[in-house]
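Laboratory data are not the source of any read-out in this text; all were calculated from the coordinates shown. All values derive from a computational prediction rather than experimental measurement. Ideal geometry is used to build each Cβ from the backbone, glycine not excepted, and the neighbour counts take in all protein chains shown.
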Amino acid sequence: MRRLLLALPLIFIALLVLLLAVRGNRENYAVAKEEEVKILVYGSGFAKASQYVVVRAEVSGHVKEVYVKEGDFVRKGQVLALMDAGPLEAGIREASERLNLVRERLKEGSPYLRSLENAVESSRVSMENSRRLFERRERLFSQGLIPKETYEQSRTQYELASKEHERAKSSYEDAINSLRSEERVLLAERERLIREKEKYTIKSPIEGYVLKKFVNPGDYINHISQENRLFSVGSGGWEVWLEVDEEYASMLKEGQRVLLRVDAYPERSFEGRVFQVVREVDRSRKLITVKVSAELPEDLPNGSTVDGQIEVERKRALLIPAVAYREGHVLLYDGVRRVKTPVKVGRRYGEYFEVLEGLRPGDRVILP
């Protein structure tokens, strides 16, 4: 049950005990006294880590290793578990081997490049020989020393040799370009497989504590299943979510002090500050949520039950015992006689009324 608490400091309770019921010669009275009072709004809820994440798998497979246990502190990026990536590892090895072969072929002075270069050089030598023969026979033909058929034959041989040389150069360039293209493809494929393999290494996305471990080595994880949970990790800071009756919404503000009690530590009390008032009412329960930042023990279980008293107002008030108030007036004792005195009272604080008008500190009011 959510409620509004009207609180007095302990020291004030002690002072009010001294406030008296002082007994004069014939009169029993109390002294009006100004003291500090607090207005507290009660709420109940739970504690949660400021940063709370459930670590899930991005891929399906068997859990190979688990490196942490519940309660362990982990850094952001720390490895929590390892999943079996056997097929991917085979693919990475194959891509690496093919990539090494291509790079060996592209290496200057490699047997493969030498064979291509030798083919180009051989075609060049053949072309040069054909060219010299053609030029010599061209001169002889111009001098009428050889028949036209012999001249035409040498020209045809030169043209064929030139074309063969061009084909050899083109084949050399095509082979080099093909190898370089294959190198790029294999490098991209290997990098893709390596990135995919990284998904089999489960890392913590935040710094904090392992709150819950859901898996053990050998478990199979289906990454599209709703049961895809490996760990929950929470940061060292805490938030408390309190549910408060909607009737107190206008009294709640960010920055207000909150006194907290945690079921897990019944002998201790804690302090927090409101950092957000959720301005939306749960219609079925007529409650609003108030979020509080708090310093709670690091080993507190996530989701622990918490009760809170939100200090919505603190002020000084003139107080008299409630029993001295008589439907709009009090009997004021001036040391000689009783004087019926109208008073205006405000909020009631336990056994005391706040006096808004009609009395001053030190006035003596008659008690029944």
Quiz prompt | Environment charge of Ala95, counting only residues whose C-beta is closer than 10 Å and scoring Lys/Arg +1, Asp/Glu -1 | solution = 0
Self-check item: Separation of alpha-carbon centers, segment 141-189 and segment 62-118, rounded to whole Å
Solution: 41
Self-check item: 5 angstrom amide H check on Ile221, placed H, neighbours 5+ away
Solution: Gly61, His62, Val63
Quiz prompt | Degrees between helix 10-19 axis and first principal axis of the chain (Cα, 0 to 90, nearest 10) | solution = 10
Quiz item: For Ser181, Ser250, what ranking results if the residue with the fewest other Cβ atoms within 10 Å of its Cβ goes first?
Solution: Ser250, Ser181
Quiz prompt | Assigned charges on the beta-carbon of Lys, Arg, Asp, Glu; segment 324-367 dipole about Cα centre (debye) | solution = 120
Quiz item: Taking θ as phi - 60°, what are the ³J(HN,Hα) couplings along segment 303-313 by the Karplus curve (6.51, -1.76, 1.60), each to the nearest whole Hz, with x for Gly and Pro?
Solution: x, 4, 6, 9, 10, x, 10, 8, 7, 8, 7
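Let me check I've understood the local charge: for Arg105, count other residues with C-beta under 10 angstrom from its C-beta, Lys and Arg +1, Asp and Glu -1. What total comes out? Numbers along the way, then the final one.
Values: positive: Arg103, Lys107; negative: Glu104, Glu182, Glu183.
So the environment of Arg105 carries a net charge of -1.
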Quiz item: Out of Met127, Met251, Met83, any idea which swings most in a Gaussian network model of the chain, alpha carbons joined below 10 Å?
Solution: Met127
Quiz item: Under a straight-distance cross-link criterion of Cα-Cα below 30 Å, which lysines are reachable from Lys286, leaving out those fewer than 8 residues away in the same chain?
Solution: Lys38, Lys48, Lys253, Lys315
Practice problem: Rounded to whole Hz and in sequence order, give me ³J(HN,Hα) for segment 216-221 from the Karplus expression 6.51 cos²θ - 1.76 cosθ + 1.60, θ = phi - 60°, writing x for Gly and Pro. | Solution: 9, x, x, 5, 9, 10
Practice problem: Can you tell me the dipole magnitude for the chain around its Cα centre, using point charges on the Cβ only (Lys, Arg +1; Asp, Glu -1), in Debye to the nearest 20? | Solution: 1060
Quiz item: Any idea which of Ser293, Gly358, Val306 is furthest toward the positive side of the dipole for segment 257-364, if Lys and Arg beta-carbons carry +1 and Asp and Glu beta-carbons -1?
Solution: Gly358
Quiz item: Which of the lysines could a cross-linker span from Lys64 if the Cα-Cα distance has to be under 30 Å and same-chain partners fewer than 8 positions apart are dropped?
Solution: Lys76, Lys197, Lys199, Lys203, Lys212, Lys213
Quiz item: Under a GNM of the chain (C-alpha, springs under 10 Å), which listed residue has the highest mean-square fluctuation: Thr156, Thr201, Thr305?
Solution: Thr156
Quiz item: What's the angle, to the nearest 10 degrees (0 to 90), between helix 148-198's Cα axis and the longest principal axis of the chain?
Solution: 20
Quiz item: Tell me, what ³J(HN,Hα) does each residue in segment 228-233 have, in order and in whole Hz, if you take phi through Karplus 6.51 cos²θ - 1.76 cosθ + 1.60 with θ = phi - 60° and put x for Gly and Pro?
Solution: 6, 9, 9, 8, 10, 10
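With contacts defined as alpha carbon pairs under 8 Å and 6 or more residues apart, what's the relative contact order of the chain in percent? Walk me through the numbers on the way to the answer.
Numbers: 707 pairs, mean separation 102.8, N = 368.
This gives 28 percent for the chain.
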Practice problem: At q = 0.20, 0.22 Å⁻¹, what is the base-10 log of I(q)/I(0) for segment 86-198 according to the Debye formula with one equal point scatterer per Cα and no solvent? Please give it to two decimals. | Solution: -0.97, -1.06
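Only loop residues by DSSP count here, and only those with at most 12 other Cβ atoms within 10 Å; note down the trypsin sites (Lys or Arg not before Pro) in segment 272-346 that meet that. It would help to have the intermediate numbers written out before the result.
Working: sites: Arg273, Arg279, Arg283, Arg285, Lys286, Lys291, Arg314, Lys315, Arg316, Arg326, Arg337, Arg338, Lys340, Lys344; in loops: Arg279, Arg283, Arg285, Lys286, Arg337.
Taking segment 272-346 and a limit of 12 other Cβ atoms within 10 Å, the loop trypsin sites (Lys or Arg not before Pro) found are Arg279, Arg283, Arg285, Lys286, Arg337.
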Quiz item: In degrees between 0 and 90, to the nearest 10, how far off the longest principal axis of the chain does helix 86-106 point, with axes built from Cα atoms?
Solution: 40
Quiz item: Can you give the charge dipole size of segment 86-198 about its Cα centre, rounded to the nearest 20 debye, using +1 on the beta carbon of Lys and Arg and -1 on the beta carbon of Asp and Glu?
Solution: 360
Quiz item: So what is the relative contact order of segment 103-182, in percent, for Cα pairs below 8 Å that sit 6 or more residues apart?
Solution: 38
Exercise. Set Lys and Arg Cβ to +1 and Asp and Glu Cβ to -1, take the dipole of segment 86-198 about its Cα centre, and tell me which of Leu101, Ser123, Ser142 lies farthest positive.
Key: Ser142
Quiz item: Considering only the other residues whose Cβ falls under 12 Å of the Cβ of Arg316, what net charge follows from Lys and Arg at +1 and Asp and Glu at -1?
Solution: -1
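Counting every Cα pair in the chain, what percent are over 27 Å apart? Let's see the in-between values first.
On the way: 49228 of 67528 pairs.
It works out to 73 percent of all Cα pairs.
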Quiz item: If you find the alpha carbon centre of segment 197-248 and of segment 278-357, how far apart are they in angstrom?
Solution: 41
Exercise. Treating the Cα atoms of segment 279-350 as identical point scatterers in vacuum, please give the log10 of the normalised Debye intensity I(q)/I(0) at q = 0.16, 0.23, 0.26, 0.29 Å⁻¹, two decimals.
Key: -0.82, -1.14, -1.25, -1.38
Practice problem: Have a look at Val355, Val125, Val330 and tell me which one the Gaussian network model of the chain (Cα, springs below 10 Å) gives the largest fluctuation. | Solution: Val125
